[in-house]
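Below is one structure, written out as structure tokens; comments come after it.
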Amino acid sequence: RPFAGSEVSQESLLLHGPFARKPKRIRTAFSPSQLLRLERAFEKNHYVVGAERKQLASSLSLSETQVP
């Protein structure tokens, strides 16, 4: 037994071990109008960052992390 005295369950290793997966992020369901605005923004600039991202998120009633 390589780790005598430190019993660790398989479940604990899966949840907290070095290869534990992060919980999946909930996928945002965009409305058609939100999709149109996001697509237009993407056509202009493939990387929406900073103040532009903040403003776009605000105008679409989304969080900044929801703006791809």
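The values are calculated or read from the model by the stated rules, or taken from the named source; none is laboratory data. None of the values given here were measured: they were computed from a predicted structure. Ideal geometry is used to build each Cβ from the backbone, glycine not excepted, and the neighbour counts take in all protein chains shown. Accessible surface is based on the protein model in full, side chains and every heavy atom, while ligands, DNA and RNA are left aside. Shrake-Rupley method; radii C 1.70, N 1.55, O 1.52, S 1.80 Å.
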Given the conditions (1) of a type in the set (S, T, N, Q); (2) more than 13 Å from the chain's Cα centre (by Cα); (3) open to solvent by 90 Å² or more (accessible area, probe 1.4 Å), report the number of the one that S59 does not fulfil.
(3)
What are the residues in the stretch 37-68 that are closer than 22 Å to I26 by Cβ and outside any helix (DSSP H, G or I), if any?
V48, L60, S61, L62, S63, V67, P68
Kindly check whether there is at least one residue in the stretch 46-64 that is at pLDDT 90 or above and on the phi > 0 side of the Ramachandran plot.
yes
Cβ contacts < 8 Å: first residue of a type in the set (F, W, Y), restricted to the stretch 15-38; second residue modelled with pLDDT of 85 or more, any location; separation 6+ or different chain. Result?
F30/L38
